[in-house]
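The values are calculated or read from the model by the stated rules, or taken from the named source; none is laboratory data. Quick caveat: nothing in here was measured; it's all calculated off a predicted structure. Glycine also receives a Cβ, built like all others from the backbone with ideal geometry; neighbour counts cover every protein chain displayed. Keep in mind that these areas ignore ligands, DNA and RNA; they rest on the heavy atoms of the full protein, side chains included. Shrake-Rupley method; radii C 1.70, N 1.55, O 1.52, S 1.80 Å.
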Amino acid sequence: FARPPREVLRDFFGGGIGLPWNLLLCIAIGTWLMFTRLTLGASGAMADADHLIGALVVTATVSALANVGRALRFVNVLLGIALVVAPFVFEASTTQSLAGIVAGLALVALSLPRGKVRSHYGGWDRMIV
C-alpha cells in the first residue's frame, strides 16, 4: 500500500519482462524459419526441420523474455547448431543451406548476450544469467 495503485498495476502486468533487441531478432529469425516454404521454396525434410526449429526458437525466446527465465535463451544456441547441421543431414539446395547456416550462426550469436534486467528478485538476482 506504499505505492499508488497505477504503479502496482503497471508492475503486475508488465514487470519482470524485458524486450532485449537480441531476443526480438531471435523471434524474427524463428518466425522467418517457419515460412521458408514460401520464401525459399523449401520442401521435404529440410522444410519440416526449418518449421520445427523455428517454432521451438520462438517458444524458447518468448519464455526467455521473462527475467527469471532468461537462461532459456541458451536453448537457442542448441537450436542454432541444429540449424547449421540440418542442411548436411537433409537434402537442401545451396540457397537453403546458406540460409540455414547463416540463421543458425545468428541464433547462436544473438543468444549469448544477457540484456538488461530491470526488476530485482532479492537473493535470486545472482541466478539470472
**Prompt:** Scaled to the compact-protein estimate 2.2 N^0.38 Å, what is the alpha-carbon radius of gyration of the chain, rounded to two decimal places?
**Reply:** 1.27
**Message:** From the helices alone, meaning DSSP H stretches of at least four residues, give me the mean residue ellipticity at 222 nm for the chain, per-run term -39500 (n - 2.57), in deg cm²/dmol to the nearest 500.
**Reply:** -20000 deg cm²/dmol
**Request:** For region 1-69, list log₁₀ I(q)/I(0) at each q in 0.12, 0.14 Å⁻¹, using the Debye formula over Cα point scatterers of equal strength and ignoring solvent, two decimals each.
**Result:** -0.46, -0.55
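Which value, in Å², gives the accessible area per residue of the chain when a 1.4 Å probe is used on the protein heavy atoms?
61
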**Prompt:** Under a plain spin-label model, where a point goes 7 Å from the Cα along Cα-to-Cβ, how far apart in nm are Val85 and Glu7?
**Reply:** 5.1
**Accessible surface of the chain [probe 1.4 Å, protein heavy atoms]: carbon and sulfur percent** = 71
